Amino acid sequence: MKNTKLSSITVGIPAYNEAENIGNLLKNLLKQKNTKFFAKEIIISSDGSDDNTIAVINSFSEPKIKLIDNKDRQGAARGLNQIIQAAEGDILVLLDADVRIKDSFFLEKIAISLKEKQASLAGAYYAELKPRSLFAKVLNVSMQIKHRLFSSFNKGDNIYTCHGRARALAYNFYKKLHLPVSVGNDMYVYLKCKEFNLKYCYVPEAIVWYRLPETLKDHQKQSVRFFSSEKEMERLFAPDFVRSFTRIPVGDILLAGMRSLPVILLHPFELVFYLLLEVYLKLTSQFVRQSQIWDISLSSKKL
């Protein structure tokens with residue numbers, strides 16, 4: 001990203017039935033402190049929400065908040081494309097509606113990385129809130145290992161640190177995008193960045209918090225969507241191109257395993273259960289017809 005004059009930030013949030021958390025997220029965003037950037041606007045695209053999402057958003061009198069109230073449900077891609085088209089900021093920060101921001105300098109931290117590292121796309125760190133069920137505790141153990149793996153794989157420049165919960169895009173990149181799919185849209189954005197020979201950076205100091213699924217049913221919804229994403233990307237890009245970014249070298253896996261040895265020794269049964277579960281879910285995902293409309297995980301919405 002050659003343009004060094006990056007001053008304004010647009011925050012974009014696609015939402016479907018997010019009354020549980022959207023109000024708190026907007027409060028977090030309005031309290032953000034910026035010394036080198038300013039938050040120009042917060043654009044929310046509702047994907048046919050039929051709960052109190054719209055009422056919660058409209059309860060804010062802040063003129064920066066702009067609502068696109070779609071009356072029907074079509075999936076995340078439409079909302080993201082609407083946000084991309086409407087955005088005017090030098091940087092677009094895309095957030096999931098079911099995250100929590102605790103750091104009052106979050107926006108500045110992720111935005112400044114684009115300027116200082118001359119990048120066009122950045123991914124934030126996502127941290128798990130304290131699990132409230134036994135099943136979520138098992139998932140939490142697996143995430144401790146995954147974080148070590150993803151942060152070390154290619155020094156964080158990989159498709160797994162570019163996730164939908166929080167990412168930042170420079171104007172010269174996001175205005176080139178039109179997302180064709182909802183499922184795997186985070187993978188799609190990363191792959192387009194690489195296809196355009198633009199730079200990606202991982203920003204672990206910019207943190208968003210989220211809730212792990214509390215039930216097997218909710219975890220299955222997310223897993224099926226994830227396993228379907230790679231197949232969807234291989235339909236949109238050359239399969240070898242996709243695999244060059246999704247395949248993690250054995251050396252990186254072994255290194256992450258060594259670094260995670262204390263976790264493995266402390267939670268062996270949880271990890272065995274998790275690995276067996278993932279094998280089962282990956283096999284069953286082959287027989288599920290994936291829709292581009294979100295099948296939401298209700299337990300992860302309750303932050």
Across Leu177, Leu169, Leu275, the residue with the highest GNM fluctuation in the chain (Cα network, 10 Å cutoff) is Leu275
Amide H neighbours of Lys66 at under 5 Å, excluding residues fewer than 5 places away on the same chain, with H built from the backbone geometry, are Ile42, Ile43, Ile44
Once normalised by the length of segment 8-288, the mean sequence separation of its alpha carbon contacts under 8 Å that are 6 or more apart gives a contact order in percent of 21 percent
Counting sequence-distant residues (5 or more places) and residues on other chains, those with an amide H built under 5 Å from that of Asn52 are Ala19
Cα-based Rg/(2.2 N^0.38 Å) for the chain, rounded to two decimals, is 0.97
Within the set Lys137, Lys175, Lys71, GNM on the chain using Cα springs under 10 Å gives the largest fluctuation to Lys71
The Cα radius of gyration of segment 1-149, divided by 2.2 N^0.38 Å with N its residue count, comes to 1.11
Here Rg/Rh (Cα, Kirkwood) for segment 182-272 equals 1.01
Quarter of the surface of the C-alpha convex hull for segment 120-237, i.e. direction-averaged projected area in nm², equals 7.4 nm²
Any chymotrypsin sites (Phe, Trp or Tyr not before Pro) in segment 225-287 that lie in a DSSP loop and have at most 16 other Cβ atoms within 10 Å would be Phe287
Taking max minus min of the Cα coordinates of segment 33-100 on each principal axis, largest first, gives extents in Å of 38, 25, 21
For the pair Lys117 and Lys175, the simple spin-label estimate (label points 7 Å beyond Cα toward Cβ) gives in nm 2.4 nm
Once both label points are put 7 Å beyond Cα along the C-beta direction, the Leu266-Arg235 separation in nm becomes 4.2 nm
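Read the figures in this text as sums done on the coordinates, not as results from a lab. Fair warning: this is a prediction, and the values are worked out from it, not measured in the lab. Methodologically, a virtual Cβ is constructed for each residue, glycine included, from the backbone with ideal geometry; neighbour enumeration extends over all protein chains shown.
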